[in-house]
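Asker: Starting off with a structure, shown below.
The values are calculated or read from the model by the stated rules, or taken from the named source; none is laboratory data. Note that the coordinates shown come from a computational prediction; the quantities given were computed from them, not determined experimentally. All Cβ positions, glycine included, derive from the backbone under ideal geometry; neighbour counts span all protein chains shown. All accessible areas refer to the heavy atoms of the entire protein, side chains included, with ligands and DNA or RNA removed. Shrake-Rupley method; radii C 1.70, N 1.55, O 1.52, S 1.80 Å.
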Amino acid sequence: MRIVSVFCLAALAASPAAAEYWSYKDWRVTVAPHETEQDSYLTCRAATGGDGDPVLALEVFSGDAGPPDFFPMARVLEYAPRHYPTLMQQGGTVDFIFDFDRTFSIAAGINSWISEEGLAEAESVLRFEDHLPMLQAMKQGSWVEIWAGNDMLYEASLSGFTAAYGKMMDECGFSLALPAGGSG
């Protein structure tokens, strides 16, 4: 019996570590370990959406610089069905409009491309100085509308965002605190 137990423990130690997963209302957090000969780090991600909808996500790497100098960038990822374009188009912008103050918005540029599988994909790209205000607004809000031109691309729930952000940051070894800030 002892030999079987030792063999099982050795097999578990030799197998690659699996990603961990948590849910916080409408948000989910995943933490995936990455091992190389030179380095070992975690990828921590908080996201909502998917299942045919765009994804609003944040991602950090445990080896990167973090707060108070650098905060994760919230970004929207859009994946179109085969033979269809994305609503987010290269050179355009998306606007994030929050429920608590419809006069406050944050704009982000768009990168779009065709994947190796021939599918249209796009992502929003916030300016560096908008990373923290975006996170502060997400913490304050209940939902955010994401507009590509005159089309509402997605209305993302922010229910569970603060807990998901905290778990993501904690798992990768960063401060959970977001400095207080206004929405405009």
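Asker: Of these, GLY63, GLY52, which one is modelled with pLDDT under 95, under 22 Å from TYR24 (Cα atoms) and surrounded by fewer than 17 Cβ atoms within 10 Å (Cβ to Cβ)?
Answerer: GLY52
Asker: I would also like to ask the following. Please work out which residue is nearest to ASP51 (Cα to Cα), limiting yourself to the stretch 94-109 and to residues that are surrounded by fewer than 16 Cβ atoms within 10 Å (Cβ to Cβ) and in contact (Cβ under 8 Å) with a residue 40 or more places away in the chain.
Answerer: Looking only at the stretch 94-109, we keep the residues that are surrounded by fewer than 16 Cβ atoms within 10 Å (Cβ to Cβ), and these are 99-103, 107, 109.
From the residues that got through so far, the ones that are in contact (Cβ under 8 Å) with a residue 40 or more places away in the chain too are 99-101, 103.
Working: ASP99: 23, PHE100: 27, ASP101: 28, THR103: 30 Å.
Top of the filtered list is ASP99.
Asker: Taking TYR165, is it in contact with a Pro (Cβ under 6 Å, 6 or more places away or on another chain), modelled with pLDDT of 95 or more and not polar (S, T, N, Q)?
Answerer: So TYR165 does not fit the description; no.
Asker: Could you tell me whether the stretch 75-86 includes any residue that is of a type in the set (Lys, Arg), open to solvent by 30 Å² or more (accessible area, probe 1.4 Å) and touching a residue at least 40 places away in the same chain (Cβ under 8 Å)?
Answerer: As a first pass, look at the stretch 75-86 and keep what is of a type in the set (Lys, Arg): 75, 82.
From what's left, open to solvent by 30 Å² or more (accessible area, probe 1.4 Å): 75, 82.
Filter once more, keeping what is touching a residue at least 40 places away in the same chain (Cβ under 8 Å): 75.
Looking for residues that are of a type in the set (Lys, Arg), open to solvent by 30 Å² or more (accessible area, probe 1.4 Å) and touching a residue at least 40 places away in the same chain (Cβ under 8 Å), one finds at least one in the stretch 75-86, hence yes.
Asker: Would you confirm, using the coordinates I've provided, whether ASP39 is touching a residue at least 40 places away in the same chain (Cβ under 8 Å) and of a type in the set (Asp, Glu)?
Answerer: no
Asker: In this structure, is ARG82 farther than 15 Å from ASP26 by Cβ, among the basic types (Lys, Arg) and touching a strand residue (DSSP E or B) at 6+ places or on another chain (Cβ under 8 Å)? Outline the logic, then answer.
Answerer: Numbers: farther than 15 Å from ASP26 by Cβ: yes; among the basic types (Lys, Arg): yes; touching a strand residue (DSSP E or B) at 6+ places or on another chain (Cβ under 8 Å): no.
No; evaluated as a whole, the condition is false for this residue.
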